[in-house]
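Let me begin by presenting the structure, written as structure tokens, before commenting on it.
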Amino acid sequence: MTRQPPAPEPLEARLVQAEALCARRGARLTKLRRDVLGLILASPEPVGAYALLDRMREQGASLQPPTVYRALDFLMAQGLVHRLERLNAFVGCHDDAPHDHAAQFFLCTACGKAEEVDDPAIAEAVAATAARRGFAPLRATVEVEGLCAGCALSGSDRGGSSTSPDGPGPHRPHSH
Ligand SMILES: [Zn+2]
Ligand SMILES: [Zn+2]
């Protein structure tokens, strides 16, 4: 092994990076905002505001929901996290240089993974359609529900989801 891992602790590295990013913009990643961001980044799945609040309280913080919501607003404004409307939950932006940007997500209904795909073609299509209608978009997050590649391969009945599809499912795994 000649290669060294680039960062000893990716999460801490991302927090340091986020701190520097905010500082460059004249904003401050306070301890609370940093803690909230850390919890979101550490979560393998999108996490809701109340789950965040619970985890913060477990760590000994006495917080009220508005405090957490304000921290989330800040993190969204800085482009560090995205809000998934469908799940009413938050995910960290995967971008190296986070900014407030149009994002698209593929949400796996089986394993709960939210994959961010920032496809400029989708963003441009939304912008062009909006422009034709004289609509001025503020935010555009496209969320597509379905099965991720891994779950699609292992069959759609994976996972203990409480929702069971009735009738013929729209997705029929096919073999190559
Ligand atoms: Zn993003
Ligand atoms: Zn999946």
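Just so it is clear, none of the values below were taken in a lab; they were calculated from the coordinates. Just so it is clear, the structure is predicted and the values come from calculations on it, not from any experiment. A quick note on method: Cβ atoms are made from the backbone with ideal geometry, for glycine too, and the neighbour counts reach across all protein chains shown.
Data table
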{"read-out": "Phi to ³J(HN,Hα) by Karplus 6.51 cos²θ - 1.76 cosθ + 1.60 over the range 134-149, Hz, x for Gly, Pro", "value": "x, 8, 9, x, 9, 9, 9, 10, 8, 10, 10, 8, x, 10, 6, 4"}
{"read-out": "Nearest-0.05 FRET efficiency for Val117 and Ala152, computed from C-beta distance (R0 25 Å)", "value": "0.95"}
{"read-out": "Radius, Kirkwood style, for the range 102-158 when every pair of distinct Cα atoms is counted (Å)", "value": "12.7 Å"}
{"read-out": "Column: log10 I(q)/I(0), Debye, Cα scatterers of the range 10-97, q = 0.21 Å⁻¹", "value": "-0.99"}
{"read-out": "Highest-first arrangement of 124-134, 103-113, where packing means the average Cβ count within 10 Å", "value": "103-113, 124-134"}
{"read-out": "The range 10-97: relative contact order as a whole-number percent, Cα under 8 Å and 6+ apart", "value": "29 percent"}
{"read-out": "Long-range amide H partners of Ala140 with built H, under 5 Å", "value": "Ala103"}
{"read-out": "Share, in percent, of DSSP beta bridges within the range 102-158 that are antiparallel, nearest 5", "value": "40 percent"}
{"read-out": "Order of Val142, Val36, Val81 under a 10 Å beta carbon neighbour criterion, fewest first", "value": "Val142, Val81, Val36"}
{"read-out": "Under Karplus coefficients 6.51, -1.76 and 1.60, residue-wise ³J(HN,Hα) of the range 104-119 in Hz, glycine/proline x", "value": "10, 10, 9, 9, 8, 7, 8, 9, x, 6, 10, 9, 8, 10, 8, 9"}
{"read-out": "Gyration tensor verdict on the range 50-111 (Cα atoms; rounded if a/c is under 1.5, prolate if a/b is larger than b/c, oblate otherwise)", "value": "oblate"}
{"read-out": "Residue exposure sequence - Asp35, Asp119 - by fewest surrounding Cβ within 10 Å", "value": "Asp119, Asp35"}
{"read-out": "Segment Arg139-Asp95, extension gain: residue separation times 0.36 nm, minus the distance between their alpha carbons", "value": "14.1 nm"}
{"read-out": "5 angstrom amide H check on Phe90, placed H, neighbours 5+ away", "value": "Val47, Gly48, Leu84"}
